[in-house]
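Structure first, then comments.
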Amino acid sequence: AMQAGSSRHWQDILQQLTGTNKMDASALLEYFKPVTEWLKEENGKYNETLGWPDFDWRPPVPEGYPEGLDKITDEAEAKIFLEQYNSTAEVVWNAYTEALWTFNVNITEQNKEIMLEKNLAMSNHTLENGLKARQFDSTDFKDSSIKRILKKLSDIEQAALPEAELKEYNQLLSDMETIYSVAKVCRKDTDCKALDPDLTDTMAKSRDYD
């Protein structure tokens with residue numbers, strides 16, 4: 001049949017090969033009919049539903065949709081927002097940095113509580129401004145730095161956690177830092193060394209493997 005090439009109409013050749021001159025799946029359905037019948041029988045045994053059953057599934061909604069239709073496209077407004085963010089961020093981040101420094105040089109429960117409080121305030125500030133940053137559509141902005149900063153602010157990371165979980169997260173980090181800072185390694189009961197500077201100095205200078 002294939003030797004005919006273009007000398008015969010394709011429908012004539014199809015008729016000779018398949019017994020029909022129509023392009024449909026009837027031949028395939030007939031070929032796989034034993035498998036189809038077997039699957040129906042097996043599914044019937046276990047009450048399986050063929051095809052797509054009725055249920056309440058909905059496709060996932062992309063982030064920002066349909067709110068994304070109303071996003072702010074004014075680049076000047078975005079610049080003003082970033083200037084305001086910068087002024088408030090300096091205050092919040094400096095307060096946290098000072099509290100963290102105080103805690104690191106003087107590890108006490110009081111200093112830890114202050115540090116955690118400032119950390120929570122910083123996270124709240126990040127969340128609030130991150131959500132505002134997401135209101136902007138920077139696709140057509142000319143200033144690449146504005147686009148970059150908005151994208152960075154939109155990534156709110158752990159600040160998106162519920163407050164209780166965020167406090168637990170910060171507490172765990174603080175506890176780990178405390179253990180790391182105050183832990184000592186004892187070769188003998190009376191010979192205990194802290195990581196810094198004792199063990200750090202020993203590992204840097206000692207050539208005694210024992």
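Name the residue, out of 181, 145, 154, that is of a type in the set (Gly, Ala, Ser) and under 13 Å from residue 126 (Cβ atoms). Steps first, please.
Working: 181 fails: under 13 Å from residue 126 (Cβ atoms); 145 fails: under 13 Å from residue 126 (Cβ atoms).
Being of a type in the set (Gly, Ala, Ser) and under 13 Å from residue 126 (Cβ atoms) holds for just one of 181, 145, 154, which is 154.
Residue check, residue 117 against (1) under 28 Å from residue 79 (Cβ atoms); (2) modelled with pLDDT of 90 or more, all met but one. Which one?
(1)
Anything in the range 170-210 that is exposed (fewer than 12 other Cβ atoms within 10 Å of the Cβ) and small (Gly, Ala, Ser)? List them, or say none.
Selection gives 183, 204, 206.
Touching a residue at least 24 places away in the same chain (Cβ under 8 Å), assigned to a helix (DSSP H, G or I) and more than 29 Å from residue 175 (Cβ to Cβ) - does that describe any residue in the range 109-128?
no
Only one of these is farther than 13 Å from residue 75 by Cα and surrounded by fewer than 17 Cβ atoms within 10 Å (Cβ to Cβ): 161, 166, 127. Name it. Steps first, please.
On the way: 166 fails: surrounded by fewer than 17 Cβ atoms within 10 Å (Cβ to Cβ); 127 fails: surrounded by fewer than 17 Cβ atoms within 10 Å (Cβ to Cβ).
The match here is 161.
Filter the range 187-210 for residues that are aliphatic (A, V, I, L, M) and part of a helix (DSSP H, G or I) and give the result. Outline the logic, then answer.
So in the range 187-210, the residues aliphatic (A, V, I, L, M) come out as 194-195, 199, 203-204.
Scanning the range 187-210 gives 195, 199, 203, 204.
Quick check on residue 147: is it buried (at least 17 other Cβ atoms within 10 Å of the Cβ), modelled with pLDDT of 90 or more and among the charged types (D, E, K, R)?
Details: buried (at least 17 other Cβ atoms within 10 Å of the Cβ): yes; modelled with pLDDT of 90 or more: yes; among the charged types (D, E, K, R): yes.
Yes.
The values are calculated or read from the model by the stated rules, or taken from the named source; none is laboratory data. Every value quoted in this text rests on a predicted model; they were computed, and no experiment measured them. In this analysis, Cβ positions are derived from the backbone assuming ideal geometry, glycine residues included, and neighbour counts consider all displayed protein chains.
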